[in-house]
Every structure is written in structure tokens, then in C-alpha cells.
Amino acid sequence: MNEIKFYSGEQIPLELHKVRVVQKIQMVPIERRLEALQEGMFNTYRLTTKDVFIDMLTDSGTNALSDKQLAAMMQADDAYAGSQSFFRLKQAVEDVLGKKYYLPVHQGRAAENIISYAYVKKGNLIPMNYRFSTLLAHITQHGGKIIELLYDEAYVIDSTHPFKGNINIEKLEEVIQIHGAENVPYIRMEASTNLIGGQPFSIQNLRDVRAIADKYNIRLVLDASLLGENAYLVIQREEEFKESTLPEVIQTMTGLADIVYFSARKLSSSRGGGICTNNTDIYKELSPLIPLFEGFLTYGGISVREMESMAVGLYETIDETMISQSLSFIAYLVNALDANGVPMVKPAGVLGAHLNAMEICKHIPQKEYPAASLAAALYLVSGIRGMERGTMSSQRDEDGNEPCADMELVRLAVPRRVFTLSQIKYVVDRVTWLYENRELIDGLRFVEEPPMFRSFMGGLEPVSDWPQKLLNKFREDFGDSL
Ligand code: F0G
């Protein structure tokens with residue numbers, strides 16, 4: 001895409017949309033933010049949006065809706081079976097993702113549940129580029145195990161490798177040979193690999209996976225929740241595709257997979273999900289599970305209005321000006337923070353900027369959750385809500401041991417077309433201040449630790465009185481600013 005250049009030479013992303021519906025947000029003073037943190041037990045998931053100024057927790061279900069999506073919702077056809085809203089959505093899935101069978105589910109993890117229920121048996125191994133947390137829980141529920149096979153460079157946080165989401169092909173083959181192809185129900189590839197900082201894989205890598213899948217007769221499953229952005233980055237970074245269009249790249253990717261599933265909360269900026277395939281056997285194996293877990297085959301737990309919005313959202317996924325908006329804001333944010341010396345995941349990826357808490361808070365041991373501590377500290381000094389992506393988001397193993405995560409990240413999600421550039425500049429300002437005062441941040445410990453998904457609802461407390469010290473320093477430097 002041609003970018004618009006400024007006469008001044010300044011390089012800033014220019015919004016290619018206008019704002020016609022707005023939502024007011026407010027900033028509460030830092031003293032209230034400290035109380036809110038205490039009430040929410042230092043877990044950013046437990047804050048209420050009344051206390052949040054810039055909500056960067058996630059892009060899931062929080063992307064801006066377009067005028068066309070809102071308009072489409074008005075023509076929803078309410079019917080338990082055979083709704084026209086479903087058929088419009090099914091057509092959009094076929095047009096955009098190139099798959100003729102579409103099974104609706106209420107959100108992404110429901111697709112993970114159904115695929116795991118159908119294919120994962122005790123003792124199975126599922127190789128993948130990297131896990132997503134809900135997926136790991138579903139696979140382990142069914143007695144399966146996962147193995148993550150990224151190349152080493154993916155773990156080098158500031159390496160500028162363009163495709164850190166690539167799966168290690170040599171290791172993939174080795175794992176299948178050792179474990180036996182009959183124990184590997186599928187290989188999973190996740191577009192724009194979320195938990196390593198929203199990093200894409202290349203089409204060449206996906207082709208290599210396809211060749212292995214064919215050689216050993218194993219299914220290939222693609223998590224397409226962040227497919228549009230991965231495809232956009234393929235056009236930017238993979239020589240062979242630099243002249244290709246977004247629809248071509250998307251269908252090249254989905255064409256290599258037997259099963260494509262997605263969270264529509266991300267892919268099409270609406271609330272729903274889906275599983276799609278061109279394989280009649282797979283369709284027959286999975287379709288009875290939709291009424292069992294989700295709802296009738298023509299709604300799958302999604303409201304008809306959301307189905308209409310999803311159909312339009314899917315077509316908008318192939319609009320470069322839409323799909324590149326959050327990417328250009330993320331790149332701006334990452335580059336500005338990088339220029340200020342703040343350790344970040346690089347290159348700038350998808351869905352958000354990722355702070356490297358392992359480096360920023362290297363004085364905090366992993367068992368005291370440096371990423372969760374940094375996320376709490378950032379909220380305190382700014383009202384910006386990010387998400388911990390580290391040891392606190394990991395689950396304990398069968399023996400109750402707590403594995404330390406490979407990376408300790410704080411994700412600052414940039415949902416599509418939601419924030420303005422001055423809000424992003426505010427984020428740069430406060431993160432930079434916090435980085436310069438990082439020694440004041442200390443660790444957290446659990447006081448309430450749920451057995452599963454502890455990062456969602458777990459309660460923590462600070463190991464020292466560091467939040468008060470940080471507040472005092474803020475007042476010293478910012479006077480009576482909010
Ligand atoms: N797959 C990926 C790659 C995801 O990022 C998510 C959700 C899911 C599956 C599950 O989908 O939430 O609709 O059930 N990611 C959200 C996030 C929660 O904040 O990154 P879901």
C-alpha cells in the first residue's frame with residue numbers, strides 16, 4: 001500500500017477513517033487508581049472500566065465496528081433454524097476464507113473445544129508453532145499434550161527476524177517420527193502467534209508444514225484469529241508475495257490447511273467464531289458437536305445480529321486500509337518506545353506492542369511475576385490497562401509445579417481504529433517515565449490462586465509497599481496531574 005507522506009517529513013500513521021460514534025472515557029486520579037488496584041487485587045483483569053483510561057487489555061471484541069457492520073445488524077433474520085443471516089455469513093466465509101463448510105461457534109475457544117473433543121485422545125501429542133492459553137487447557141482436558149516448535153530466534157526478543165512465528169520444520173518431522181504419526185491427530189499453526197508478541201509465519205513455512213502433514217497423513221489445523229494481519233505482513237516481508245493482494249494471500253494460507261478455525265472477536269471485529277473446511281469427512285465428524293455444545297447448526301450460539309456484523313467484518317478483513325491501521329499504530333508505538341530505550345518485542349508485530357518485562361524488571365524474580373507487576377505499575381501511573389503475558393498466565397503442571405514462562409511480556413493491545421494518535425503518544429510518555437523509574441517496581445504474590453486460568457481471576461498482593469513509593473514519585477514529578 002502507498003503510504004501518505006507529510007511535507008514536513010514527519011513519519012506518522014494517518015487515519016483513513018473518520019469517527020462518527022464516540023464513547024466518553026475518564027481518568028481518575030492516581031490515588032483512586034491505587035485503591036482500584038487494591039480492590040482488584042493487583043490483577044488488571046479485575047479492574048472495572050470506570051477506573052481505566054486507555055484500555056489496552058485486548059483487541060478481542062474491542063475493535064471499532066464500521067458503519068456497514070452496524071447497518072447490517074439491522075437486517076438480522078431471527079430464526080432458530082435456516083436464518084438468512086447464517087447463509088450470508090456462510091457465503092462470506094466461502095468468499096474470504098475459501099472454505100465451503102462453515103460451523104458456527106460462539107467464540108474461538110469453543111472451536112478449540114470441538115476440535116479437541118473430536119480428535120484429541122489420551123497420550124496424543126499436538127505439535128504447534130506456539131500455544132494459546134485456552135487451547136492448551138482444552139488439549140490437556142482431553143489427555144493430550146502439546147509441543148511448541150519455534151526456531152530459536154523467536155525467543156530472542158529483539159531479533160529482527162521477520163517471521164518469528166515459523167515452526168521448526170526439522171524438529172517437527174523428528175517429533176512425529178519419535179512419537180509416531182498415529183499419535184499426532186493434527187499439527188496446529190497459529191497466524192500472528194499471539195503469546196510471543198503477535199509474530200507472523202511465512203507462507204513458505206506453512207507450505208513446508210503441509211508437505212510434512214501430507215507425508216505422514218496428519219491433519220493441518222490453522223488458527224486464523226489473526227489471519228488478516230499475518231497475511232498483510234506476508235505481503236510486506238515475503239519476497240514472493242510482494243505483488244500479491246490480501247485476498248490472494250489469505251486464500252493461499254487457508255488453502256494449505258484442512259481445518260481453519262477462528263475467534264471472530266478478532267478476525268472480523270464481531271462476537272462469534274467458526275470452524276471451516278472443504279473436507280466432507282471432517283465436516284461430518286465435527287458438525288454433530290455444534291448442537292451438543294453451541295446451538296443449532298445455523299447459529300452456533302451467536303446472535304443473528306452478530307452474524308450479520310461478522311459477515312461484513314470478514315469482507316472488511318481484506319481491505320488493506322482497515323487491516324493495516326492497528327499495525328501502523330503498533331509500529332509507531334514500538335518505534336517510539338524503542339527510541340526511548342524501552343525494551344520491547346521487535347519487530348513490531350500484530351495486535352499490540354509488547355514490553356519486555358524480563359528485562360525492564362530484571363530485579364524481580366520470575367516467581368514474583370515481573371510482567372504482572374509491570375502491568376499493575378503501569379496502570380497505577382497512567383490509567384493504561386495492559387495484560388500480563390508471562391508466568392502468571394502459565395498453568396501449573398500435573399504435580400503442582402509452577403513453570404517459568406519463556407517470556408515475561410506486558411501486552412498493550414491496540415484494537416483496530418479505536419485510539420487516536422495523541423492517546424498513543426500519552427502511552428509512549430507514561431511507559432517511558434515508568435521505565436526510567438523501574439527500580440521502584442517490586443514483585444507480587446498470589447493470595448487467591450484459582451486452579452485453572454489463574455491469570456484471569458487470581459488475586460495478588462505486592463511483596464513490599466512499592467505501589468505507594470511509585471505514587472509518591474509520580475506526585476513529585478507530575479505535581480497535581482491526573
Ligand atoms: N486463538 C487465538 C490466537 C487467540 O488470540 C484467542 C483469543 C483465541 C484463540 C480464543 O478466542 O477469546 O474468542 O475464545 N485471544 C484473546 C486475547 C482472548 O486477548 O488475545 P476467544
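The table for this structure:
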{"item": "Subset of segment 194-204 (residues that are surrounded by 24 or more Cβ atoms within 10 Å (Cβ to Cβ) and either assigned to a loop (DSSP other than H, G, I, E, B) or more than 15 Å from the ligand (Cβ to nearest atom) (or both))", "result": "197, 198, 200, 201"}
{"item": "Cβ-Cβ under 6 Å pairs, at least 6 apart or on other chains, segment 52-72 side within 15 Å of residue 420 (Cβ to Cβ), far side assigned to a helix (DSSP H, G or I)", "result": "54/423"}
{"item": "Exclusive hit being in contact with a helix residue (DSSP H, G or I) (Cβ under 8 Å, 6 or more places away or on another chain) and more than 28 Å from residue 413 (Cβ to Cβ), set 207, 265, 219", "result": "219"}
{"item": "Answer residue from segment 360-375, given it is in contact with a strand residue (DSSP E or B) (Cβ under 7 Å, 6 or more places away or on another chain) and either farther than 24 Å from residue 436 by Cα or touching a residue at least 60 places away in the same chain (Cβ under 8 Å) (or both) and is surrounded by the fewest Cβ atoms within 10 Å (Cβ to Cβ) among those", "result": "368"}
{"item": "Single condition residue 232 does not satisfy, out of (1) aromatic (Phe, Trp, Tyr); (2) in contact with a Phe, Trp or Tyr (Cβ under 6 Å, 6 or more places away or on another chain); (3) crowded, with 19+ Cβ neighbours inside 10 Å", "result": "(2)"}
{"item": "Options 210, 237; residue that is closer than 16 Å to residue 171 by Cα and out of contact with any Asp or Glu (no Cβ under 9 Å at 6 or more places or on another chain)", "result": "210"}
{"item": "Flag for residue 270 being of a type in the set (Ser, Thr, Tyr) and within 12 Å of the ligand (Cβ to nearest atom)", "result": "yes"}
{"item": "Among (1) at pLDDT 95 or above; (2) under 17 Å from the mean Cα position of the chain (by Cα); (3) small (Gly, Ala, Ser); (4) within 16 Å of the ligand (Cβ to nearest atom) - the single one residue 116 does not satisfy", "result": "(2)"}
{"item": "Hey, residue 461 of a type outside the set (Ser, Thr, Tyr), part of a loop (DSSP other than H, G, I, E, B) and assigned by TED's automatic domain parsing to the domain that holds residue 361 or not", "result": "no"}
{"item": "Count of residues meeting criterion [aliphatic (A, V, I, L, M) and either crowded, with 24+ Cβ neighbours inside 10 Å or part of a helix (DSSP H, G or I) (or both)] in segment 385-409", "result": "2"}
{"item": "Sole exception among (1) farther than 17 Å from residue 270 by Cβ; (2) part of a helix (DSSP H, G or I); (3) not assigned by TED's automatic domain parsing to the domain that holds residue 418 for residue 24, by number", "result": "(2)"}
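The values are calculated or read from the model by the stated rules, or taken from the named source; none is laboratory data. Everything numeric in this text was worked out from a predicted model, so none of it was measured. Note: ideal-geometry Cβ built from the backbone for every residue, glycine included; neighbour counts use all protein chains shown.
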